[in-house]
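In what follows, a single structure is set out as structure tokens and then discussed.
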Amino acid sequence: VSISEKQDETSTKDAVAMGVGLVLFAPALLLLAAGEDEKVEIGHLKGEYAALKRSATRKKCKFISEME
């Protein structure tokens, strides 16, 4: 196995872990009480969550049902 293949494999695993982390923790973050200074950040997180959900739906990812 070449170094390039190992790097690609690691990158894929990292991307999957990040996606799963967002799916599991983003909804909890959105439920936190927000002051004025957190509203922008929460808006940004909602946008990222929506983009992840659209991408997962388009790619027919198995975990999409957990995002509902």
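The values are calculated or read from the model by the stated rules, or taken from the named source; none is laboratory data. Values in this document were obtained by computation on a predicted structure and should not be read as measured data. Glycine gets a Cβ as well: all are built from the backbone with ideal geometry, and neighbour counts include every protein chain shown.
Could you tell me whether Ala33 is loosely packed, with under 10 Cβ neighbours inside 10 Å and modelled with pLDDT under 75?
For Ala33, the condition - loosely packed, with under 10 Cβ neighbours inside 10 Å and modelled with pLDDT under 75 - is met.
Please enumerate the residues belonging to the range 51-68 that are modelled with pLDDT under 85 and either of a type in the set (S, T, N, Q) or in a helix (DSSP H, G or I) (or both).
Lys62, Phe63, Ile64, Ser65, Glu66, Met67
Let me confirm something: among Glu5, Glu38, Glu48, which residue is loosely packed, with under 13 Cβ neighbours inside 10 Å, part of a helix (DSSP H, G or I) and modelled with pLDDT under 80?
When all the criteria are applied, what remains is Glu5.
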